[in-house]
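The values are calculated or read from the model by the stated rules, or taken from the named source; none is laboratory data. Only a predicted model underlies this, so the values are computations on that prediction, with no experimental measurement involved. Cβ: placed from backbone, ideal geometry, glycine included. Neighbour counts: every protein chain shown.
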Amino acid sequence: MSASTPEFLRSLPKTELHCHFASTIRPERLLRWARERGVPLPSDDPAELARYTGLQDFLVLFNAAHAVFRSGEDVALVAYEGVRAAVATTNLRYREYSVNPHNFAELGLPWPVVLAGLVEGLTRAEEEFGVGFGIVPALNRSLDLAAAHATLDVVLANPHPAVVGFGQDDLAADGYESPLAWEPVYARARAAGLRLTAHVGEIATSTAASVVEAVEVLHLDRVDHGYHVLDDPAVVERARAAGVHFCCTPKSAHLLSGWAFDAQHPVARMIEAGLSVNLSTDDEVFFATSLQAEFEHVGLDLGFGDDVVEQLALNGVTASFAPEDVKARLRAEIRALRGGPPG
Ligand SMILES: [Zn+2]
């Protein structure tokens with residue numbers, strides 16, 4: 001197998017599924033608004049922003065970044081600029097955004113305002129660049145179950161065709177993922193017709209068993225991260241047999257967990273194990289990454305060839321919450337790149 005090429009990796013039509021909206025803000029805009037609006041950041045150098053000692057360290061910055069938003073117009077502008085920047089470097093075709101209604105409400109931006117801003121900015125980008133989108137509101141894991149129910153309440157009170165799923169961000173103060181704690185909220189979201197995702201198997205305190213337990217108990221449609229599934233070969237086999245989809249973020253795993261870009265990187269091992277892996281940035285501005293960079297980590301640094309990378313792109317389509325006609329079109333675009341059958 002020979003490694004892919006930057007040209008192929010750029011041209012490949014891509015779907016991104018694990019993308020926290022606040023982190024799609026352009027570095028220049030984040031720094032400018034922070035300066036103008038009196039929001040303290042750890043550094044005014046974009047490269048320095050991406051230096052962390054761990055997830056908790058990172059989350060301080062993630063939460064500070066929400067504080068630069070002042071209006072629905074700001075949300076629309078960031079949404080539009082994020083897509084424009086992505087298509088300038090890679091062939092992004094569809095993206096789903098994790099958005100935390102609680103964090104914005106704390107700033108005086110209620111969910112209907114945020115949702116309207118997202119739809120406005122992302123629709124403008126879709127018209128201009130042809131990039132489709134879905135919105136996945138997230139509960140805040142640093143808060144309690146009542147707060148998570150309240151977040152879901154406000155989401156369900158404002159239905160919109162673009163709101164396709166429900167997920168989570170941040171982390172409990174004890175540093176444990178504890179995915180099953182959210183079971184009652186996930187059950188309600190599922191009953192309301194939302195598709196489900198959760199951050200599990202990301203950090204050192206998580207176990208392989210907790211990943212599949214979360215999938216089964218919460219009825220997840222896909223998993224964000226999931227790396228610690230690798231700690232138990234029997235669980236890997238269970239996940240593979242069940243067709244669990246893993247939305248992996250190679251650069252954030254490298255920065256937060258110290259995995260080098262070699263054969264031991266969990267994304268490399270998960271691909272080798274035959275799991276359904278797709279690629280995302282997680283937090284573009286804070287990990288100084290891009291979707292193109294994530295594909296280059298796999299296609300160049302980890303050395304996987306065009307066949308494998310094409311399959312990752314197809315996995316992203318399958319794991320997305322897009323309508324079936326959109327999925328069929330995206331698959332046809334991917335297969336057409338190498339002259340394959342369009343079906
Ligand atoms: Zn994430």
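Across the stretch 227-276, the qualifying residues are those that are more than 16 Å from THR318 (Cα to Cα) and aromatic (Phe, Trp, Tyr), and the one among them that is farthest from the ligand (Cβ to nearest atom) is PHE261. Residues in the stretch 312-322: is at least one outside any loop (DSSP other than H, G, I, E, B), on the phi < 0 side of the Ramachandran plot, out of contact with any Pro (no Cβ under 6 Å at 6 or more places or on another chain) and without any contact (Cβ under 8 Å) to a residue 40 or more places away in the chain? So far as the stretch 312-322 goes, yes, one or more of its residues are outside any loop (DSSP other than H, G, I, E, B), on the phi < 0 side of the Ramachandran plot, out of contact with any Pro (no Cβ under 6 Å at 6 or more places or on another chain) and without any contact (Cβ under 8 Å) to a residue 40 or more places away in the chain. Just one of (1) closer than 20 Å to HIS102 by Cβ; (2) in a helix (DSSP H, G or I) fails for PRO159. It is (2).
Screening VAL68 on (1) among the hydrophobic types (A, V, I, L, M, F, W, C); (2) in contact with a Phe, Trp or Tyr (Cβ under 6 Å, 6 or more places away or on another chain); (3) under 25 Å from CYS247 (Cα atoms) shows it passes everything except condition (3).
Could you check the stretch 2-47 and list, in sequence order, the residues that are of a type in the set (Ser, Thr, Tyr) and either at pLDDT 95 or above or surrounded by 14 or more Cβ atoms within 10 Å (Cβ to Cβ) (or both)? Matches in the stretch 2-47: SER4, THR5, SER11, THR15, SER23, THR24.
Within the stretch 241-255, residues that are at positive phi reach partners that are not β-branched (Val, Ile, Thr) with beta carbons closer than 7 Å, at six or more positions or on different chains, in the pairs GLY243/SER276. Taking the stretch 232-253 as the region of interest, how many residues are surrounded by fewer than 21 Cβ atoms within 10 Å (Cβ to Cβ) and closer than 12 Å to ILE203 by Cα? Counting residues in the stretch 232-253 that are surrounded by fewer than 21 Cβ atoms within 10 Å (Cβ to Cβ) and closer than 12 Å to ILE203 by Cα gives 0.
Restricting the first member to the stretch 268-290 and to residues that are touching a residue at least 24 places away in the same chain (Cβ under 8 Å), and the second to residues that are of a type in the set (Phe, Trp, Tyr) and more than 16 Å from the ligand (Cβ to nearest atom), the beta-carbon pairs closer than 7 Å and six or more apart or on different chains are ILE271/PHE304; LEU279/PHE295. Within the stretch 172-179, can one find any residue that is at pLDDT 95 or above, among the aliphatic types (A, V, I, L, M) and surrounded by fewer than 19 Cβ atoms within 10 Å (Cβ to Cβ)? No - not one qualifying residue is present in the stretch 172-179.
I want to confirm something. Restricting to the stretch 199-226 and keeping residues that are touching a strand residue (DSSP E or B) at 6+ places or on another chain (Cβ under 8 Å), aliphatic (A, V, I, L, M) and away from the ligand (no atom under 12 Å from the Cβ), which single residue is nearest to THR249 (Cα to Cα)? Don't jump to the end; show me each part of the working.
Within the stretch 199-226, the first condition is being touching a strand residue (DSSP E or B) at 6+ places or on another chain (Cβ under 8 Å), and the residues that meet it are 199-202, 206, 210-211, 214-215, 218-226.
Still in the running and aliphatic (A, V, I, L, M): 200, 211, 214-215, 218, 220, 223.
Then drop every residue that is not away from the ligand (no atom under 12 Å from the Cβ), which leaves 211, 214-215, 218, 220.
Values: VAL211: 16, ALA214: 19, VAL215: 19, LEU218: 22, LEU220: 18 Å.
Looking at residues that are touching a strand residue (DSSP E or B) at 6+ places or on another chain (Cβ under 8 Å), aliphatic (A, V, I, L, M) and away from the ligand (no atom under 12 Å from the Cβ), I get VAL211.
Going through (1) buried (at least 21 other Cβ atoms within 10 Å of the Cβ); (2) modelled with pLDDT under 95; (3) not charged (D, E, K, R) one by one, SER257 falls short only on (1). Taken together, the criteria exclude ASP306 from residues that are without any contact (Cβ under 8 Å) to a residue 60 or more places away in the chain and touching a Phe, Trp or Tyr at 6+ places or on another chain (Cβ under 9 Å). Given the condition in a helix (DSSP H, G or I), within 15 Å of the ligand (Cβ to nearest atom), under 27 Å from SER206 (Cα atoms) and within 17 Å of the chain's Cα centre (by Cα), answer yes or no: does some residue in the stretch 5-17 qualify? Scanning the stretch 5-17, I find no residue that is in a helix (DSSP H, G or I), within 15 Å of the ligand (Cβ to nearest atom), under 27 Å from SER206 (Cα atoms) and within 17 Å of the chain's Cα centre (by Cα), so the answer is no.
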